[in-house]
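Okay, so here's the structure we're looking at.
Just so it is clear, none of the values below were taken in a lab; they were calculated from the coordinates. Just so we're clear, the structure is a prediction, and the values are computed from it rather than from any experiment. So basically every Cβ, Gly included, is an ideal-geometry build from the backbone, and we count neighbours across all protein chains shown.
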Amino acid sequence: MTMMLRYPLKVWTLVFAGCLLISLFPLYVSALEKRIANSLDMTFVLIPAGSFTMGSPADEQGRRSNEVEHKATISRPFYMQTTEVTVKQWRAIMGSPLFFKKKEADDMPAASVSWDDCMEFLEKLNARNEGVYRLPTEAEWEYACRGGHASVYGWGDAIDCSKAMYANNTLKTPDCVKSVQSKGLPTDQPAPGKSYAPNAWGLYDMPGNVWEWCQDWYGPYPKGAVVDPQGPRSGSERVRRGGSWYGTWQRCRCANRNFSHPANRYQTTGFRLVREAD
């Protein structure tokens with residue numbers, strides 16, 4: 001009683017309220033819808049909070065030196081778009097075609113977009129007041145790619161042409177060209193969304209199809225465990241993740257890192273969105 005009298009009642013009220021919120025957090029998570037959609041037919045699945053080992057072990061085949069293993073914690077759940085942003089969704093927001101040399105089908109991923117283009121898209125999308133949207137952080141992207149597993153890919157430690165769209169380049173990396181043709185898909189380009197099976201969390205094309213921009217500046221990983229990492233405060237290049245139809249299987253690993261200048265537009269690069277859960 002003596003200790004309580006040392007502090008004003010207002011302070012103890014705030015402490016009690018904070019403890020109550022913490023105790024109710026699991027109920028808040030369970031109350032969130034597992035799957036939501038907006039007026040543009042963008043579908044999002046709930047990604048739970050949790051911890052994982054980010055990066056790759058030294059003996060992982062195809063590993064690069066910038067993939068140093070460390071513990072990363074995602075402290076709050078978030079919604080991740082199930083597919084890459086499509087051509088139809090891009091046109092609905094931007095009111096103009098993409099930077100394509102030919103007309104693309106509505107369900108194709110919106111590629112040839114720069115990181116800066118993504119920021120303009122997000123500004124206009126958020127102005128519709130249908131939620132708060134952004135690009136995923138690099139940690140969120142890798143966490144979602146793994147789908148709750150610690151394996152090289154979201155489904156296990158091995159990849160083949162039936163699992164993802166990669167090596168569909170008839171001139172440089174033709175390893176999967178015959179497999180792509182057997183599925184009735186065109187060569188030398190990405191596939192429509194949902195052409196390959198999703199991971200355990202319901203996310204399509206996390207490996208392959210098109211590279212996906214992330215929010216972070218590119219830089220070395222921090223030393224030690226991190227919570228909700230945002231990447232460096234500044235830089236000259238933004239992170240891309242996931243590999244693409246153009247490249248090899250090594251680029252499709254969940255831990256693989258890539259980067260580019262935020263103004264660059266590549267026909268191999270698109271994006272998917274996060275929608276805030278609260």
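Values for this structure:
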quantity	calculated
Estimated 222 nm signal from helices in the chain, with DSSP H stretches of n ≥ 4 weighted -39500 (n - 2.57), rounded to 500	-6500 deg cm²/dmol
Nearest 10 degrees, 0 to 90: helix 115-126 Cα axis against the chain principal axis	60 degrees
Radius 11 Å from Cβ of Lys194, net charge of other residues (Lys, Arg +1; Asp, Glu -1)	-3
Inter-probe distance in nm under a simple model that places probes 7 Å from Cα toward Cβ, at Asp228 and Ser162	4.2 nm
Angle between the chain longest axis and helix 9-31 axis [Cα atoms, degrees, rounded to 10]	30 degrees
Segment Arg64-Asp107, extension gain: residue separation times 0.36 nm, minus the distance between their alpha carbons	12.2 nm
FRET efficiency estimate (nearest 0.05) - Cβ-Cβ, Ser236 to Arg128, R0 35 angstrom	0.65
Taking Asp205, Asp106 and counting other C-beta atoms within 10 Å, the order from fewest to most	Asp106, Asp205
Amide H contacts under 5 Å for Phe259, placed H, 5+ residues apart	Arg240
Flagged links, alpha-carbon separation over 26 Å, of Lys34/Lys88; Lys124/Lys163; Lys172/Lys223	Lys124/Lys163; Lys172/Lys223
